[in-house]
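S.K.: Shown below is the structure under consideration.
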Amino acid sequence: MKSLKAAAVVVGSVVVAGAAAPAFAQDTSNLTPTSINGAVNTLTAGPIDPLPLKQQSSALDTESKDSALHAVKGATKNLNAKGGLLGGLPLGR
């Protein structure tokens with residue numbers, strides 16, 4: 001019976017919160033269409049900047065000291081050198 005009372009309290013509080021919150025109409029003029037035609041129209045509406053495609057990002061380079069993947073590689077080496085982890089707990093050897 002306690003779980004039924006707890007469920008009733010939760011449902012009641014959700015109803016009260018929903019009634020207290022004001023409703024707003026959504027402005028659909030700024031939404032990007034989800035169809036293929038809408039996507040093509042959005043892409044061709046203005047000039048496309050190809051500059052990000054010209055340079056190669058070094059974010060996934062494990063040899064670069066500035067990449068995030070290099071830091072993950074170092075942390076992985078340190079964890080594996082100490083015997084490793086199993087479910088977050090150290091393995092005994």
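We did not get these values from a lab; they are worked out from the coordinates using the rules stated. Every value quoted in this text rests on a predicted model; they were computed, and no experiment measured them. Every residue, glycine as well, gets a Cβ built from its backbone with ideal geometry; the counts of neighbours run over all protein chains shown.
S.K.: In whole Hz, what ³J(HN,Hα) sequence does the range 63-78 give by Karplus (6.51, -1.76, 1.60; θ = phi - 60°), x for Gly and Pro?
M.R.: Whole-Hz 3J(HN,Hα) from phi for the range 63-78: 8, 6, 5, 8, 7, 6, 5, 5, 5, 5, 5, x, 5, 5, 4, 5.
S.K.: Can you put S3, S67, S58 in order of Cβ neighbours within 10 angstrom, beginning with the fewest?
M.R.: In order of increasing Cβ crowding within 10 Å: S3, S58, S67.
S.K.: Just to verify a number: FRET efficiency for N80 and L60, C-beta to C-beta distance, R0 = 25 Å, to 0.05?
M.R.: 0.75
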